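Peer 1: Let me give you the structure first, and then I'll get to my questions.
The values are calculated or read from the model by the stated rules, or taken from the named source; none is laboratory data. Just so it is clear, the model here is predicted, and its values are computed rather than measured. Virtual Cβ from ideal backbone geometry, glycine too; neighbours counted across all protein chains shown.
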Amino acid sequence: MVLENIGQRQQHSDGRSVAIRMEGITKRFGSLVANHDIDLSVYQGEVHALVGENGAGKTTLMNILYGMVRPDSGHIFVGTTELPVHRGFLGPDYGIGMIHQHFMLVRPFSVLENIILGTEPRRGIFLDLVSARRKVVDLMGRYGIEIDLDRRVEDLSVGEEQRVEILKVLYRNARIIIMDEPTAVLTPQEIDRLFETVRMLVAAGHTLIFITHKLEEVMEIADRVTVLRQGRVVGTRSIQEVDPEELAIMMVGRKIEATRPVRRTRSATSLFRLENICLRTPRNLDALSSISLDVRQGEILGICGVEGNGQDELFEVAIGIRKPSSGKIFFQDEEITGLSAARRLRLGIGHIPPDRIRMGIVPGMTVKENIILGRHVEPELAGSFFLKDRAIRNLAVKLLHDYGIVPPAPEADITTFSGGNQQKIVVARELSRKARLLIASQPTRGLDIMATKLIHDSLLEHAENGGGVLLISADLAEIMDLSDRIAVMYRGRILRVLEREHASEEQLGLLMAGVAG
C-alpha cells in the first residue's frame, strides 16, 4: 500500500478523521479462528463500543491493536501511519493505551509508584518523584480524577484501582484508550463516575474503544457500536439508528426472550443461618459486625451494597475459608462454624467466587481438570486409585455444550479461554454439583446477554427445586430481578432486610449509601 493513498482514506464523508483503521485482521489459535477478516474504523474523538458474546473475539482484536498479540494477517493504521504488526510493536509507542479487564497493578506499591512504573523519570541516576508527582497531579486536575497518590493499591476499592489504571495510560500520553469491560466490577455510583471521566477524556480530544456486554451502557456512553459474532463483524451502527433489542439480535443471531422470575412458594424452614457473625481484620478493624441472616428452602436471598462494605468477607466466612471472630453458622440446623470449605462442599454447599482468577480456576490446568475441582472424590468420577478419565471428559463435554462455552475443548488449558468463558466454566461446575445451598458472588460479572440469562434461569430453577441461593451482587438490577428478599450491607453491617415486592431502587440506593430508606 502507498501511504499517500492511505492518507486520502483517513477522513469520513462527514469530515471526521479516522483515528484507527484495522483491515483484514485474522487471528487463529490452533483450529479456533478468533478473528476472521475483520475491518474496523474508529473516528477521532468518539466513544466506539465493541460488543459481542463471550468468545466473539473482542479482547483478542483489541490485544492485537495494543500490540500484545500478532495477527496472522491484516493491517493496522493509526492516522496515516501503518503499524509494523508482523514484526511486533508496542501500543504506547503509537499513543495507544489499554485498561485490561483484570487490572495490572502491583498491589504492595503506592498509587504513584504504579502510575510511573516502567516510565520512571530520573534526575541523573536518581528517581525524580517530584516531577512525576507534579505531572500526575496535573492530570488528576485536568480530568477530575481524585485519588491519594501515597495509598497502597492493596488498600483501594475496585473503582479507585480503575482510576489508577486510567492515570497510568494518561501518564504515558495515550490518545487512543481501550477499556476492556470497564464496568464489570463497578457499582452504579462508580459507573456514573467513570462515565463522567470518559466524557471529559473525549472532550479533551481522546478516542475511546469501550468493550462491554451491557447494552444500556452502550446506549448511554457510545457514539457508534460494532458488533462481533463468532470472530466476524456483524455490523457497525450509529447509536442514533439502533436500539438495544436490535443490538442483542445482532450479537446472538436471534431474539432473546427475557427472563421472567417466578415468585416461588418458599418454605419457612431455614436452610442456612448466620447468627451474630463478627470478623476482625488483621489490622483489628471490624469487617463484619453482628451479621444475622437466614436463607430458606426455595429462596433467593440477595445481598446488595456498594463494593467494599463487607460482601467479600461475608462470602469467605459463609463458604468456610475464613473463620469468624465470633458468632455461629448453621446448615440444615447443624452447626458448621468450624468446618472447612472442603467439608462444606461435601455437605452440599456450593459456591461461585467473586474473583474467578484468584478463587475459581487453577491456571495451567485443563478445562476438564478445572471442572472436577472439589468433585474429584465423587464415585462416578473417581475409582479406588485413579480418576475416571472417560467420565470426566463426558461431564466436561456436556457442560461445555450446555453452557455454550467456546471452544468446546475439554483438554485445552483454561487460560486460553476468554474471561467470560472462564466464568461460565466456574458457574457450570458449581451448578452441576446438585448442592442444596449455592452461595453465588457476582455470578454474571463479565458475561454476555445469553450467558447471563442462562445463569439467571439456573439460579431460579435451583430455588424452584427447593434449594437455597445466597446471591451477592453489585448489579442492583440482578438483585431485584432474582431475589425474594434483599439485605443491604453497609460498613460490614446489615442495615435492613426487605421483601422484594416492598423494595424500590431508590430505597435500596439510599440504604447502600448508609441513609435509612
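Peer 1: Which of the following residues is closer than 20 Å to D448 by Cα, touching a Lys or Arg at 6+ places or on another chain (Cβ under 7 Å) and of a type in the set (A, V, I, L, M): I405, I414, I392?
Peer 2: On inspection, the qualifying residue turns out to be I405.
So that you can scan it fast, the table gives a plain yes or no per residue for (1) of a type in the set (G, A, S); (2) farther than 27 Å from F417 by Cβ:
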{"site": "G24", "(1), (2)": "yes, no"}
{"site": "G30", "(1), (2)": "yes, no"}
{"site": "V33", "(1), (2)": "no, no"}
{"site": "E53", "(1), (2)": "no, no"}
{"site": "L90", "(1), (2)": "no, no"}
{"site": "P121", "(1), (2)": "no, yes"}
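Peer 1: Could you check how many residues of the range 373-400 are of a type outside the set (D, E, K, R) and under 30 Å from N54 (Cα atoms)?
Peer 2: Within the range 373-400, residues that are of a type outside the set (D, E, K, R) and under 30 Å from N54 (Cα atoms) number 12.
Peer 1: Related question: Select from the range 380-418 the residues that are closer than 13 Å to R433 by Cα and in a loop (DSSP other than H, G, I, E, B) and write down the one among them that is farthest from the chain's Cα centre (by Cα).
Peer 2: Looking at residues that are closer than 13 Å to R433 by Cα and in a loop (DSSP other than H, G, I, E, B), I get E380.
Peer 1: Failed condition for A184, given (1) in contact (Cβ under 8 Å) with a residue 60 or more places away in the chain; (2) surrounded by 18 or more Cβ atoms within 10 Å (Cβ to Cβ); (3) assigned to a helix (DSSP H, G or I), with all others met?
Peer 2: Against the list (1) in contact (Cβ under 8 Å) with a residue 60 or more places away in the chain; (2) surrounded by 18 or more Cβ atoms within 10 Å (Cβ to Cβ); (3) assigned to a helix (DSSP H, G or I), A184 comes up short only on (3).
Peer 1: If P244 satisfies all but one of (1) modelled with pLDDT under 95; (2) assigned by TED's automatic domain parsing to the domain that holds L459; (3) not hydroxyl-bearing (S, T, Y), what's the number of the condition it fails?
Peer 2: (2)
Peer 1: Please work out if I455 is within 21 Å of the chain's Cα centre (by Cα) and among the β-branched types (V, I, T).
Peer 2: When the stated conditions are applied, I455 passes them.
Peer 1: Okay, moving on. Take G118 and decide whether it is loosely packed, with under 12 Cβ neighbours inside 10 Å and either within 25 Å of I191 (Cβ to Cβ) or in the same structural domain as F195 (by TED's automatic domain parsing) (or both).
Peer 2: Working: loosely packed, with under 12 Cβ neighbours inside 10 Å: yes; either within 25 Å of I191 (Cβ to Cβ) or in the same structural domain as F195 (by TED's automatic domain parsing) (or both): yes.
Yes; evaluated as a whole, the condition is true for this residue.
Peer 1: Residues to consider are G320, G327, G350, G298; find the one that is under 24 Å from A184 (Cβ atoms), surrounded by 16 or more Cβ atoms within 10 Å (Cβ to Cβ) and not aliphatic (A, V, I, L, M).
Peer 2: Unique residue meeting the criteria: G350.
Peer 1: Find all pairs meeting these conditions: Cβ atoms under 8 angstrom apart; at least six residues apart or on different chains; first residue within the range 495-517 and within 18 Å of E478 (Cα to Cα); second residue surrounded by fewer than 12 Cβ atoms within 10 Å (Cβ to Cβ) and modelled with pLDDT under 80.
Peer 2: L510/A516
Peer 1: Output the residues belonging to the range 247-272 that are at pLDDT 85 or above and under 30 Å from S292 (Cβ atoms). Steps first, please.
Peer 2: Applying the first criterion (at pLDDT 85 or above) to the range 247-272 yields 247-251, 270-272.
The answer is S270, L271, F272.
Peer 1: While we're here: For T444, which of the numbered conditions (1) part of a helix (DSSP H, G or I); (2) of a type outside the set (A, V, I, L, M); (3) buried (at least 24 other Cβ atoms within 10 Å of the Cβ) fails to hold?
Peer 2: Against the list (1) part of a helix (DSSP H, G or I); (2) of a type outside the set (A, V, I, L, M); (3) buried (at least 24 other Cβ atoms within 10 Å of the Cβ), T444 comes up short only on (1).
Peer 1: Now, a different point. Regarding M450, is this residue modelled with pLDDT of 90 or more and under 26 Å from R356 (Cβ atoms)?
Peer 2: no
Peer 1: What's the total number of residues in the range 78-113 that are of a type in the set (K, R) and closer than 24 Å to G159 by Cα? Outline the logic, then answer.
Peer 2: Of all residues in the range 78-113, those of a type in the set (K, R) come to 87, 107.
Adding the requirement that they be closer than 24 Å to G159 by Cα leaves 107.
Total satisfying the criteria: 1.
Peer 1: Would you check which residues across the range 130-152 are farther than 16 Å from N173 by Cα and either surrounded by fewer than 16 Cβ atoms within 10 Å (Cβ to Cβ) or outside the structural domain of M200 (by TED's automatic domain parsing) (or both) and list them?
Peer 2: Passing the criteria: V130, G144, E146, D148, D150, R151, R152.
Peer 1: Go through the range 166-180 and give me each residue that's under 22 Å from V42 (Cα atoms) and either over 18 Å from the mean Cα position of the chain (by Cα) or surrounded by fewer than 23 Cβ atoms within 10 Å (Cβ to Cβ) (or both). Please lay out each step first, then the result.
Peer 2: So in the range 166-180, the residues under 22 Å from V42 (Cα atoms) come out as 166, 169-170, 172-180.
V169, L170, R172, N173, A174, R175, I176, I177, D180 - these are the residues of the range 166-180 that are under 22 Å from V42 (Cα atoms) and either over 18 Å from the mean Cα position of the chain (by Cα) or surrounded by fewer than 23 Cβ atoms within 10 Å (Cβ to Cβ) (or both).
Peer 1: Is it the case, given these coordinates, that R390 is surrounded by fewer than 19 Cβ atoms within 10 Å (Cβ to Cβ) and of a type in the set (D, E, K, R)?
Peer 2: Details: surrounded by fewer than 19 Cβ atoms within 10 Å (Cβ to Cβ): yes; of a type in the set (D, E, K, R): yes.
Here the answer is yes, as R390 does meet what is asked.
Peer 1: State whether one or more residues within the range 414-424 are over 15 Å from I361 (Cβ atoms) and touching a strand residue (DSSP E or B) at 6+ places or on another chain (Cβ under 8 Å).
Peer 2: no
Peer 1: Same structure, new question: Only residues that are over 10 Å from L288 (Cβ atoms) and either in contact with a Phe, Trp or Tyr (Cβ under 6 Å, 6 or more places away or on another chain) or aliphatic (A, V, I, L, M) (or both): list them for the range 482-496, please.
Peer 2: Scanning the range 482-496 gives L482, I486, A487, V488, L495.
Peer 1: Pull out all pairs, ordered by first then second residue, where Cβ-Cβ is under 6 Å, the residues are six or more apart or on different chains, the first lies in the range 278-306 and is within 18 Å of E316 (Cβ to Cβ) and in a strand (DSSP E or B), and the second is at pLDDT below 90 and of a type in the set (S, T, N, Q).
Peer 2: A287/T281
Peer 1: Same structure, new question: Say we look at the range 322-345 and pick out the residues that are in contact (Cβ under 8 Å) with a residue 24 or more places away in the chain and in a loop (DSSP other than H, G, I, E, B); which of these is farthest from the chain's Cα centre (by Cα)? Walk me through how you get there before you give the answer.
Peer 2: Taking the range 322-345 and keeping what is in contact (Cβ under 8 Å) with a residue 24 or more places away in the chain, we get 322, 324-333, 342, 344-345.
If we keep only those that are in a loop (DSSP other than H, G, I, E, B) too, we end up with 322, 324-325, 332-333.
Working: R322: 24, P324: 28, S325: 31, Q332: 33, D333: 35 Å.
So, considering only residues that are in contact (Cβ under 8 Å) with a residue 24 or more places away in the chain and in a loop (DSSP other than H, G, I, E, B), the one farthest from the chain's Cα centre (by Cα) is D333.
Peer 1: Continuing with the same structure: For the range 197-237, name all the residues that are part of a helix (DSSP H, G or I), among the charged types (D, E, K, R) and either buried (at least 16 other Cβ atoms within 10 Å of the Cβ) or under 20 Å from the mean Cα position of the chain (by Cα) (or both).
Peer 2: The answer is E216, E217, E220.
Peer 1: Do the conditions hold for L395, that is, is it free of Cβ contacts under 8 Å to residues at least 60 places away in the same chain, crowded, with 16+ Cβ neighbours inside 10 Å, of a type outside the set (S, T, N, Q) and not assigned by TED's automatic domain parsing to the domain that holds I449?
Peer 2: yes
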